[in-house]
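One structure is given below, encoded as structure tokens.
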Amino acid sequence: MEVSRYRPGEDDEPVLQGYDVPLMPDWAVLDGLNYIKDRLDGSLSYRWSCRMGVCGSCGMTVNGEPRLTCGTFLTEYGDGPVRIEPLKGFPVIRDLVVDIDDFLAKLSSVRPWLVRDGEDLPLTTEYAQTPEQLEAYRQYSMCINCLLCYSACPVYVLDPDFLGPAAIALAQRYNLDSRDMDDRFDVLNLDDAVWGCTFVGECTRACPKHVDPAEAIQRYKLTAALRSVLPWSRR
Ligand code: SF4
Ligand code: FES
């Protein structure tokens with residue numbers, strides 16, 4: 001495996017370092033990194049947690065593509081070498097660890113909670129939903145915040161202020177929830193939000209959870225356009 005190393009204070013820029021890793025049929029790229037960390041070089045830094053495609057923390061660039069390293073098998077790359085680099089589009093803190101502060105700020109900027117207006121009901125009040133109402137937003141709720149869609153997005157690479165695919169899909173997760181009363185028009189109807197998307201579709205291709213953020217963005221463009229001509233239209 002060829003692994004990008006960057007040690008702040010020691011390296012001026014990232015360099016690739018080669019490691020001999022056994023090609024085991026059931027090993028994911030993450031197992032290869034763990035082998036390096038456990039047997040060859042304990043100073044290698046990277047993020048991971050669940051090893052089962054749930055936590056979203058193991059995203060890296062594998063042979064040039066954003067991938068979950070726990071869900072990408074070494075055998076996909078034959079005899080190698082497999083090149084592992086940090087996710088593109090994010091500042092590198094060390095080795096394969098990137099700074100996600102900007103991403104987290106974007107997620108919280110879309111008010112990712114149920115907004116209710118003018119109510120004074122007990123906290124125990126239930127808001128029942130039908131299976132159809134759940135289905136309306138369920139796809140967008142599957143996001144694991146892995147950042148692969150941002151790393152794949154050519155707009156985000158050129159314009160770091162672009163709100164980006166996962167944050168817009170998250171906004172739609174709440175907009176389409178029958179219990180929510182907001183439409184997040186003020187944060188979505190902007191040049192740096194839905195109107196910044198050029199519909200390349202790389203975000204949807206990169207997404208390991210089939211969230212389809214490109215569809216979420218195009219759908220909101222329609223909502224925003226309708227709201228411009230019909231101000232009372234909200235969804
Ligand atoms: S939308 Fe998909 S690719 Fe983007 S952060 Fe969520 S799970 Fe990851
Ligand atoms: S380690 Fe959790 S998604 Fe890969």
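The values are calculated or read from the model by the stated rules, or taken from the named source; none is laboratory data. Predicted model only: the values in this text are computed from it and were never measured. Methodologically, a virtual Cβ is constructed for each residue, glycine included, from the backbone with ideal geometry; neighbour enumeration extends over all protein chains shown.
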**Request:** Could you grab me the full set of residues in segment 64-80 that are in a helix (DSSP H, G or I), more than 8 Å from ligand 2 (Cβ to nearest atom) and of a type in the set (Val, Ile, Thr)?
**Result:** Thr75
**Prompt:** Ala166: surrounded by 11 or more Cβ atoms within 10 Å (Cβ to Cβ) and either of a type in the set (Phe, Trp, Tyr) or touching a Cys at 6+ places or on another chain (Cβ under 6 Å) (or both), yes or no?
**Reply:** yes
**Prompt:** Name the helices (runs of 4 or more DSSP H) wholly within segment 184-235 that hold at least 1 residues that are among the aromatic types (Phe, Trp, Tyr) and within 15 Å of Ala166 (Cα to Cα)?
**Reply:** 213-229
**Request:** Please enumerate the residues belonging to segment 35-63 that are more than 8 Å from ligand 2 (Cβ to nearest atom) and more than 23 Å from Pro8 (Cβ to Cβ).
**Result:** Tyr35, Asp38, Arg39, Val62, Asn63
**Fill in**
Pairing a residue in segment 29-46 that is free of Cβ contacts under 8 Å to residues at least 40 places away in the same chain with any residue that is not polar (S, T, N, Q), where Cβ atoms lie under 6 Å and the two sit 6 or more apart in sequence or on different chains, gives Tyr35/Val21; Ile36/Tyr19; Ile36/Leu44; Lys37/Leu44; Leu40/Tyr19
**Item:** Residues (within 16 Å of ligand 2 (Cβ to nearest atom) and not hydrophobic (A, V, I, L, M, F, W, C)) located in segment 141-171
**Value:** Asn145, Tyr150, Ser151
**Request:** Search segment 163-180 for residues that are in the same structural domain as Met142 (by TED's automatic domain parsing) and pair each with any residue that is part of a helix (DSSP H, G or I) and within 16 Å of ligand 2 (Cβ to nearest atom) when their beta-carbon atoms are under 7 Å apart and the residues are at least 6 apart or on different chains.
**Result:** Gly164/Tyr150; Pro165/Cys149; Pro165/Tyr150; Ala166/Cys149; Ala166/Tyr150
**Request:** Would you check if Tyr150 is in contact with a helix residue (DSSP H, G or I) (Cβ under 6 Å, 6 or more places away or on another chain) and touching a residue at least 40 places away in the same chain (Cβ under 8 Å)?
**Result:** yes
**Failed item in (1) of a type outside the set (Ser, Thr, Tyr); (2) touching a Gly at 6+ places or on another chain (Cβ under 8 Å); (3) loosely packed, with under 15 Cβ neighbours inside 10 Å; (4) modelled with pLDDT of 95 or more, with Val157 passing the rest** = (4)
**Complete:** When every residue in segment 64-91 that is of a type in the set (Val, Ile, Thr) and buried (at least 19 other Cβ atoms within 10 Å of the Cβ) is compared, the one nearest to Ser4 (Cα to Cα) is Ile84
**Message:** Which condition from (1) hydroxyl-bearing (Ser, Thr, Tyr); (2) at pLDDT below 95; (3) surrounded by 12 or more Cβ atoms within 10 Å (Cβ to Cβ) is the one that Ser141 breaks?
**Reply:** (2)
**Asked** Restricting the first residue to segment 109-126 and requiring it to be touching a residue at least 12 places away in the same chain (Cβ under 8 Å), which pairs with a second residue that is aliphatic (A, V, I, L, M) and part of a loop (DSSP other than H, G, I, E, B) meet a Cβ separation below 6 Å and a spacing of at least six or different chains?
**Response** Val115/Met181; Arg116/Met181; Asp117/Met181
